[in-house]
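The values are calculated or read from the model by the stated rules, or taken from the named source; none is laboratory data. Values in this document were obtained by computation on a predicted structure and should not be read as measured data. Here the Cβ is made from the backbone with ideal geometry for all residues, glycine too, and neighbour counts use every protein chain on show. Surface accessibility is based on the protein's heavy atoms, side chains included, excluding ligands, DNA and RNA. Shrake-Rupley method; radii C 1.70, N 1.55, O 1.52, S 1.80 Å.
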Amino acid sequence: MLFKENIARIVFLSASILSAVATLLILGFMILLSLPVLETGMIWGILTDPWSPDHGRFGILAMIVGTVYISSFSLLISFPISLGCSFFIQIIHPDSPGRFLKLLVQLMTAIPTVIYGFVGVFLLVPIVRKVFSYGSGMSILSASLMLAILISPTMILFFSQSFARVPKRFLDATEALGATSFQKLFYVILPNAWTGVFTGLVLAFGRAMGDTLIALMISGNSVVLPSSILDSARTLTAHIAMIIAADFDSIEFKTIFICGGVLYIMTSCGILLARFSVKKRVR
Amino acid sequence: MENNIKIQIRNLWFYYKTISMLEGINVDFPENTITSITGPSGQGKSSFLMTMNRLWQCIDGASVKGEVKINFGNGFEDINHQKYPLPMLRRKVGMVFQTPNPLPMSIFKNIAFPFKLIGEKNQNKTFEKVEYALKKAFLWQEVKNRLTEDAGVLSGGQQQRLCIARALVLEPQVLLLDEPTSSLDEISAEMIEQLLLKLKKKCTIILVSHYMDQVKRIADTKFILSNRQLTLQEE
């Protein structure tokens, strides 16, 4: 028994170490690939300049701003919707309607991203163009809306799981005191499912930041700094995809590693911030 | 006699999925008395209690047929009527569970929680009521200097009295108790018995209990729930 336990402990410890090392290796690899650009001393220019290769300027600021806008808006849109859906599934109707909705959400996770992209291009973009009568409709708004639909299943499933873990005795006590469904959600469920809700948010934010296809197909890919959510924008991932498809050894090409590094730092900062906030709240 | 009746139950059926747990129960519970319900485990005693505050609606697959009428001062009202407001019902019919279930918050916040639910903004009034409820539950002396501490640090007996205080804070007219002393030591159980005897002057109490000695000591009317039927237990 002890031998089996030791084996299990070694296996799990190795898996954890491997994951940590892999994460650090990826960071090291990104730095290594960025070295040629870093050595030229162009890093400040790359982070702050506009993107204009014809004039020798390879700035990615517009892409950083585009990424932050699109992922943040998509999160803002999908968070309340996902919260409501999870509440419906787990608390209001855990019986047949809730189970059916959960099945639909699970199915949504299996739909390839490109399908969402098609829906975005041929349905959402024309609607946005018609409603706002502004530009082509390929905008931060369209990409954020589509991305919100893409990331909401992750959040809904995570939130539902964390709601399900709230001890039943708390829910019984609240019910017996005459709480309405919303009071139950805000006073008991959310405070006790906070960690799970935050983890779901972080994962969804990571997914929104890392998604390439939706942004590439719907956001319009403009390299100019956007001034409103109806403007086109390009995300870092879409930028990497576009450059890598057309080039392999120019300075333009080498800047994509800086893009990767920036993405890595942005998502890591997001996760660390979320973990810090959760710990502070739990304390 | 009709004037003294608080709860009137007629032809009550309780189903769990397709299985009937209670079959055609007819019973009246007099006002300001303690009525005990005993019987073997798994016969539906807790479910029966839940028919009086509609908490059965939280049980997946449960359904109820029949009339449960309670006189809250304006004549008998059928609480199973769809339009009867649930939050209001549960504020008038308090419930205490077998296992103490304080919420993960401070002692004060636990007792003040029902006030938060009804949107009471007056802090002074809330504090007065919390103090009153804790005194009523014989808990004030033990916790008056630790109101901001987490309720989870209290002993089992204290937690159960806290739950009783929380159920009492909105001054319910009916109090349902589902084996409230089963997880407590003798001294704590005795304290709760004394508390119930005092409470019955203002409240109609329905007590589910396994302890025959306890039932003999405090119950005015005794019923046995067995084979899906409720029968009056003669002295």
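Miscellaneous remarks
- Chain A: most fluctuating residue of A:L13, A:L32, A:L83 per GNM, C-alpha cutoff 10 Å: A:L13
- Placing a label point 7 Å from the Cα of A:I26 along the Cα-to-Cβ direction, the residues of segment A:234-259 whose backbone N falls under 18 Å from that point are A:236-241, A:256-259.
- The equivalent ellipsoid that matches the C-alpha gyration tensor of segment B:105-232 spans semi-axes of 28, 17, 12 angstrom, in descending order.
- Kyte-Doolittle at least 0.5, axis length at least 30 Å by Cα - qualifying DSSP helices, chain A: A:2-39, A:61-87, A:140-164, A:251-282
- Highest-MSF residue in chain A out of A:R57, A:R169, A:R234 [GNM, Cα springs under 10 Å]: A:R169
- Simple point charges give the picture: +1 on the Cβ of Lys and Arg, -1 on the Cβ of Asp and Glu, and for segment A:72-195 a dipole about the Cα centre of about 80 debye.
- For A:183-193, mean number of other protein chain Cβ atoms within 10 Å: 2
- Fraction of beta bridges assigned by DSSP in chain B that are antiparallel (%, nearest 5): 60
- Helix-only mean residue ellipticity at 222 nm for the protein assembly as shown, each DSSP H run of n ≥ 4 adding -39500 (n - 2.57), per residue, nearest 500: -17000 deg cm²/dmol
- Partner chain coverage, peptide B:86-95 - average Cβ within 10 angstrom: 3
- Accessible area of B:Y15 in the full protein assembly, 1.4 Å probe (Å², nearest 10): 50
- Max mean-square fluctuation residue, GNM over chain A, Cα-Cα springs under 10 Å, options A:G137, A:G41, A:G206: A:G41
- Legend: P(r) of the protein assembly as shown from all alpha carbon pair distances, 20 Å bins from 0, whole percents, reading 18, 38, 26, 15, 2, 0.
- Spin-label model distance (nm) - B:K83 vs B:I187, 7 Å beyond Cα toward Cβ: 5.4
- Too-long pairs where the Cα-Cα distance tops 31 Å, listed order kept, from B:K135/B:K222; B:K65/B:K121; B:K121/B:K144; A:K184/B:K216; B:K45/B:K92: B:K65/B:K121; A:K184/B:K216
- Positive-end extreme of charge dipole, segment A:48-166 - chosen from A:M108, A:Q161, A:H93 (charges on Cβ): A:H93
- Segment A:154-252: chymotrypsin sites (Phe, Trp or Tyr not before Pro) in DSSP coil with no more than 12 other Cβ atoms inside 10 Å: A:F248
- Karplus-derived 3J(HN,Hα), 6.51/-1.76/1.60, for each residue of segment B:176-188, Hz, glycine and proline x: 9, 10, 9, 6, x, 10, 5, 9, 10, 6, 4, 5, 5
- Shown are B:R91, B:R228, whose ranking by accessible area with a 1.4 Å probe and every protein chain present, most to least, is B:R228, B:R91.
- Projected-area mean, chain B, by convex hull of Cα positions, square nanometres: 13.0
- For segment A:211-278 and segment B:208-235, distance of Cα centres in Å: 72
- Dipole magnitude for chain A: about 1140 debye, using +1 per Lys or Arg Cβ and -1 per Asp or Glu Cβ, origin at the Cα centre.
- Antiparallel %, DSSP beta bridges [both residues in the protein assembly as shown], to 5: 60
- Solvent-accessible surface (1.4 angstrom probe) belonging to A:L107, in square angstrom, nearest 10: 110
- Per-residue average of Cβ from other chains inside 10 Å of B:157-168: 1
- Cα-derived Rg to Rh of chain A, Kirkwood definition: 1.04
- Residues with amide H under 5 Å from that of B:I37, placed H, sequence gap 5 or more: B:L207, B:V208, B:S209, B:F223
- Over 17 Å [Cα-Cα, segment B:1-137], rounded percent: 67
- Sequence of B:W140, B:W13 when ordered by accessible area, the most exposed leading, probe 1.4 angstrom: B:W13, B:W140
- Sorting A:Y69, B:Y84 on solvent-accessible area from highest to lowest, probe radius 1.4 Å, gives A:Y69, B:Y84.
- With the whole protein complex present, A:V114 retains an accessible surface near 50 Å², based on a 1.4 Å probe.
- Close amide H contacts of B:M21 (hydrogens built in the peptide plane, cut-off under 5 Å, sequence separation of 5 or more or a different chain): B:F14, B:Y15, B:Y16.
- Relative to the dominant Cα principal axis of chain B, helix B:107-117 is inclined by about 60°.
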